[in-house]
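Presented below is the structure to which this report refers.
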Amino acid sequence: MPRSRLGSVGALLLLGVAGYVGARPIGPLPALGPLLDPANGLWASVRTAELPPIAAGTIPGLQGEVSITYDDRGVPHIFATNTLDAYRALGYVVARDRLFQIDLQTRAGGGTLTELVGERALPLDQSTRALGMPRAAEQRVLGADTTTHTWRMAAAYTDGVNAWTRGLAARDMPVEYKLLGREPRLIGPVDVMHMMNRMGYTLSSSEDELRHLRAAARIGSAAALALFTPHSPIVEPIQPNGQKAPRRDPITLPAPGAPDSTALALLNALGDANVQVALGLPERGPDAVGSNNWAVAPSKSATGHALLAGDPHLELTLPSIWYEAHLVVPDSLDVSGVTIPGLPGIVIGFTRDVAWTFTNVGADVMDFYLEEVDDPISPTQYRLDGEWQRLERRVERYLDGNGDLLVEDTLRFTHRGPLRRINDRWISHRWTVLEGDGREIEVFDRAARATSAKQLLDGLAAHFLAPAQNMLAADRQGVIAIRSTGRYPIRPDSGRGDVLRDGSTRRSDWLGDWAVSEYPQSFSPAQGYLASANQQPMDPRVEPRYMGTDWERPWRAIRINELMRSTDLATVNDLREWQTEPRSARADAFVPAFVQAARTGPPKPSLVRGGQLLADWDRRYTRDNQRALLFEAAMSELSRRLWDELRDAPEPGSPSGPIPTDMMTAMLLDSPTSPWWDEVGTNTIETRDDILADALAAAYDDLVARIGEPDSGAWVWSSHRTATINHLLRIPSLGRSGVAMQGGNGTLNPSTGAGTHGASWRMVVELGDEVRTLATYPGGQSGHPASVRYDDRLRSWREGLLDTVRTPRTQAELPFAQRRAQLTLTPEAR
């Protein structure tokens, strides 16, 4: 048995006794006895961790027999006679490996986690419901036409999930249910909508208005608007603009001003609460939710075929967010790739003709409004254009796992969306995620049937509104194409969406949406490649309208464009290596400035030595390098000293502002005497080189004091920067921590903070006469911690290696040596 499997088995047994006294339950945990039951407890789970060589099952509504063969990578190849049967089978096999994950994720989107894990999840459920997500999902289902393909897909998929759930014996129950003392539930199409809304929560909720408010309350509105600009000053857009290198647009950054009295008064009225949390928005940690993708035209490909690569960066979990599958229906469907447990269809993948992948746009699609209500405590009306309008009221009941009531809330809704009370003020929001018609899931089926990149992107644009995605495609005809697909609201007045608006007038409402023809997009550009890394999609000189603000830093986009421009003919292996390429464009921007400041600064030993170390560094975040640690420490010191006007509150209890990204810091390098370089708490006026020198010296001294001299071996990058892959329930022994990897802040394989986010799926596709695909993700197909398929892909992911993806046209095409299990599904007898 592999060591990781032994560890997981031991963890299951330890969890069975940890935290118990006698046979009495403590908190949400069940009594000890059932866990140790040899027939149905944890030992039984270990015995059923692997797929049997031969198995059979039934699904109600199945129209014909479905044959499923699992290959040596644990991927199910589903051979069905019609599309809906293929989706029924997909639901069944995903539930077979990931039932608890389906339950947990759809409950997260539906605000019913308390019914699974208990009262500790109440704040999460309250936030989900207050954002309006369950209400929106339920409205879509209530208004759904059950004859549409969207509804039939969702129903078929959930029928498959439920068929597996109904057939579960107690011994086969996922271990998480046994640890929680719960049982799985049946799901329906509304849960598919919950899952889509949960994606929107992760990828398109925003707090831009709150960031501006906090900044304006510290440094004035003019400085706040300039620091968090709607146009990236370092321009390397997704839609090609003909440039051969990134462009820096000069910016005018006002000096820190007096606090904006209106913003300060509003923050005081809000009670200086954590408004972001109070509004139900996710707290953004140091790990950005980003992604990379790029495509190469035949003219720049070594084989003369189009190439496509994608690696979405999301939270790293065990089991993984993704599940790999292959669906075949003769003359109708032949699609392979990854799905998200809880969603029907292949989300990212390829067919015999076309491949596609996504990155997040990061557009601002969520606006907030200050509302006037008739009662500050329990309003029933809100004022709009001088007249009182009745609020929609919705009673929310939160239950525990036994069905007992924990708490009851009353939510309110204006014509824009949900309304929340924050201390003395009422704030509503409008969000594109809540306004879809549910047909977003249908686009996955459309993608699977497309035969060209244009057909695929046009099909996605027809119904995919949120979360907005940079959808990249390539086909066997050699076309490469990208379109930033989603719904982009048009705002009144200045058009900016990062300021709180007056909710008492319809003049604050959205005026409409961008047309598809106005979306950022490109088809087979002259440069011979396309690339996106969450940067601003369009050159602001081409499209100055507001689309978002404080865009993702440009370092990954700059690096991939550098690689593309310097490569005449790219290979599949080039694309694979680039996904973990360790060179940092961010370090390229800052290291010369640090080195110059060290050379011209005071002859302080730590400054001189620090400058020498950075000058000798190749700016590559390899695991064995011993200089990246100093650079990261210096960057942290630089941010702390530079943005002290925002970071340090002048009086106890006064609001602290948000900190600009290092893109704005890089722009200030061009203004050595800007007043922003002056530290507030000193008696001298500092300039750029003063702050750079002080930051580098302080970082060096701190590292030496904490971990030793630079050549002691203690500065090795892999000792400090690792990936953390948490179990879904944050059970430490079922996760994997300390995974040493190549990459770092701002590289193509980014890793910051606790290392909990990163490349959740890596894929490279060559679209030749026969489509060739390599891929992997950090984890394994099984959600069972005792299975060999739980984390068997982790090593290849860590090393930047990819597996060959098998796509047999028929079951007979898969060699026996590559087969591991067989499942046959038949219609349920009536």
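The values are calculated or read from the model by the stated rules, or taken from the named source; none is laboratory data. What you see is a predicted model; the values in this text were computed from it and never measured. With ideal geometry, Cβ positions are generated from the backbone for all residues, glycine too; neighbour counts draw on all protein chains shown. Side chains are part of the model used for accessible areas, which takes the heavy atoms of the whole protein and leaves out ligands, DNA and RNA. Shrake-Rupley method; radii C 1.70, N 1.55, O 1.52, S 1.80 Å.
At a glance:
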{"quantity": "Total residues in segment 163-182, condition open to solvent by 50 Å² or more (accessible area, probe 1.4 Å) and in a loop (DSSP other than H, G, I, E, B)", "calculated": "2"}
{"quantity": "Residue within segment 534-555 that is among the β-branched types (V, I, T), in contact (Cβ under 8 Å) with a residue 60 or more places away in the chain and touching a helix residue (DSSP H, G or I) at 6+ places or on another chain (Cβ under 9 Å) present", "calculated": "yes"}
{"quantity": "Verdict on D364 being open to solvent by less than 40 Å² (accessible area, probe 1.4 Å) and either of a type in the set (D, E, K, R) or in a loop (DSSP other than H, G, I, E, B) (or both)", "calculated": "yes"}
{"quantity": "All positions within segment 126-162 that are small (G, A, S), crowded, with 23+ Cβ neighbours inside 10 Å and under 29 Å from G64 (Cα atoms)", "calculated": "A154, A156, G160"}
{"quantity": "Spans of strands (runs of 3 or more DSSP E) in segment 42-122 with at least 2 residues buried (at least 23 other Cβ atoms within 10 Å of the Cβ) and of a type outside the set (D, E)", "calculated": "66-71, 76-79"}
{"quantity": "R430 vs. criteria at negative phi, of a type in the set (K, R) and out of contact with any Ser or Thr (no Cβ under 8 Å at 6 or more places or on another chain)", "calculated": "yes"}
{"quantity": "Residues that are within 30 Å of R420 (Cα to Cα) and out of contact with any helix residue (DSSP H, G or I) (no Cβ under 9 Å at 6 or more places or on another chain), drawn from segment 72-128", "calculated": "E119, Q126"}
{"quantity": "In segment 788-800, the residues that are in contact (Cβ under 8 Å) with a residue 60 or more places away in the chain and either surrounded by fewer than 18 Cβ atoms within 10 Å (Cβ to Cβ) or assigned to a helix (DSSP H, G or I) (or both)", "calculated": "V788, L794, R798"}
{"quantity": "Matching residues in segment 730-761 - criterion: being basic (K, R) and in contact with a helix residue (DSSP H, G or I) (Cβ under 7 Å, 6 or more places away or on another chain)", "calculated": "R736"}
{"quantity": "Residue in segment 379-393 that is touching a Pro at 6+ places or on another chain (Cβ under 8 Å) and open to solvent by less than 50 Å² (accessible area, probe 1.4 Å) present", "calculated": "yes"}
{"quantity": "Which numbered condition A154 misses (of (1) without any contact (Cβ under 8 Å) to a residue 40 or more places away in the chain; (2) over 30 Å from M664 (Cβ atoms); (3) among the hydrophobic types (A, V, I, L, M, F, W, C))", "calculated": "(1)"}
{"quantity": "Residue satisfying condition, being out of contact with any helix residue (DSSP H, G or I) (no Cβ under 6 Å at 6 or more places or on another chain), over 14 Å from L307 (Cβ atoms) and modelled with pLDDT under 95, within set A448, A462, A466", "calculated": "A462"}
{"quantity": "Breaking point among (1) over 27 Å from Y369 (Cα atoms); (2) in contact (Cβ under 8 Å) with a residue 24 or more places away in the chain; (3) of a type in the set (A, V, I, L, M), for V443", "calculated": "(2)"}
{"quantity": "Residue tally, condition open to solvent by 10 Å² or more (accessible area, probe 1.4 Å) and touching a residue at least 60 places away in the same chain (Cβ under 8 Å), over segment 329-339", "calculated": "3"}
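Residue by residue, here is whether (1) open to solvent by less than 10 Å² (accessible area, probe 1.4 Å); (2) within 29 Å of D509 (Cα to Cα); (3) in a helix (DSSP H, G or I) holds:
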position	(1), (2), (3)
R421	no, yes, no
W426	no, yes, no
H429	yes, yes, no
L434	no, yes, yes
F444	yes, no, yes
L457	yes, no, yes
A461	no, yes, yes
